[in-house]
Each structure stands twice: as structure tokens, then as C-alpha cells.
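Engineer: Below is one structure. I have some questions about it.
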Amino acid sequence: MADSNSPQEFIVQGEPVKSGQLADHLSREPSVKRVGQVAPDVVILSMTKTQADHLRSTFSTIVVEPNAPLKSFGAG
């Protein structure tokens, strides 16, 4: 598992993503990189665990989870 200072990808979902509040917040966080947009309310960000924890505390309505490859149904 990566330490809290190593950037890793996180999936971030919620109304602050869709409304633009998250983008406004991230404009003041140049070390957080947007990797992609999955849906209007879902983005993938590259950031440290500490930064992810900070987002959770700043926006109580978002979900922040580590990104991981999807496994096919039936795969062990």
C-alpha cells in the first residue's frame, strides 16, 4: 500500500464534482491532478492519501475511494 505522501489515483463522486465546487477548490491545489472524467459527477484524481482525506473533510457529501482496475464477473 502507498504511503500518505505518494500520489495515487482516487475516484471522486458527488454533487460538488457536478456543480463545479470541486474544480474551484482544486484550482488552489496544483499538486492534485485530474486524470479523467467518468461521468458528470465522477472524476479520477491523482493525489496523496492526505489530500484525499482533506477532500473528504472539506466536502462532506463526496465519496473518495482508491481507484482500482475492474475485474470481470467470475474472475477470482
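The values are calculated or read from the model by the stated rules, or taken from the named source; none is laboratory data. None of the values given here were measured: they were computed from a predicted structure. Cβ atoms come from the backbone with ideal geometry, glycine included; neighbour counts cover every protein chain shown. Keep in mind that these areas ignore ligands, DNA and RNA; they rest on the heavy atoms of the full protein, side chains included. Shrake-Rupley method; radii C 1.70, N 1.55, O 1.52, S 1.80 Å.
Engineer: Suppose the filter is of a type in the set (Ser, Thr, Tyr), outside any loop (DSSP other than H, G, I, E, B) and out of contact with any Gly (no Cβ under 8 Å at 6 or more places or on another chain); does residue 6 pass it?
Structural biologist: Details: of a type in the set (Ser, Thr, Tyr): yes; outside any loop (DSSP other than H, G, I, E, B): no; out of contact with any Gly (no Cβ under 8 Å at 6 or more places or on another chain): yes.
Here the answer is no, as residue 6 does not meet what is asked.
Engineer: Okay, moving on. Collect the residues in the range 34-57 that are surrounded by 15 or more Cβ atoms within 10 Å (Cβ to Cβ) and either hydrophobic (A, V, I, L, M, F, W, C) or touching a Phe, Trp or Tyr at 6+ places or on another chain (Cβ under 6 Å) (or both), keeping them in residue-number order.
Structural biologist: Listed by number, the residues that qualify are 42, 43, 44, 45, 47, 52, 55.
Engineer: Does the range 58-76 hold any residues that are open to solvent by 90 Å² or more (accessible area, probe 1.4 Å) and more than 18 Å from residue 7 (Cα to Cα), and which are they? Write out each step before concluding.
Structural biologist: Of the range 58-76, the ones open to solvent by 90 Å² or more (accessible area, probe 1.4 Å) are 60-61, 65, 69-71, 73, 76.
Passing the criteria: 60, 61, 70, 71, 73, 76.
Engineer: Just wondering, is there one or more residues in the range 1-10 that are out of contact with any strand residue (DSSP E or B) (no Cβ under 7 Å at 6 or more places or on another chain), surrounded by 17 or more Cβ atoms within 10 Å (Cβ to Cβ) and modelled with pLDDT of 95 or more? Spell out the reasoning first.
Structural biologist: To start, the set of residues in the range 1-10 that are out of contact with any strand residue (DSSP E or B) (no Cβ under 7 Å at 6 or more places or on another chain) comprises 1, 3-6.
Adding the requirement that they be surrounded by 17 or more Cβ atoms within 10 Å (Cβ to Cβ) leaves none.
Among the residues of the range 1-10, not one is out of contact with any strand residue (DSSP E or B) (no Cβ under 7 Å at 6 or more places or on another chain), surrounded by 17 or more Cβ atoms within 10 Å (Cβ to Cβ) and modelled with pLDDT of 95 or more, which makes the answer no.
Engineer: Could you please give the count of residues in the range 15-33 that are assigned to a loop (DSSP other than H, G, I, E, B), surrounded by fewer than 19 Cβ atoms within 10 Å (Cβ to Cβ) and in contact with a strand residue (DSSP E or B) (Cβ under 9 Å, 6 or more places away or on another chain)? Walk me through it before giving the result.
Structural biologist: The first filter runs over the range 15-33 and keeps only residues assigned to a loop (DSSP other than H, G, I, E, B), leaving 20, 27-32.
Narrowing the set further to residues that are surrounded by fewer than 19 Cβ atoms within 10 Å (Cβ to Cβ) leaves 20, 27-31.
Applying the additional criterion that residues be in contact with a strand residue (DSSP E or B) (Cβ under 9 Å, 6 or more places away or on another chain) yields 29, 31.
Adding up the residues that qualify gives 2.
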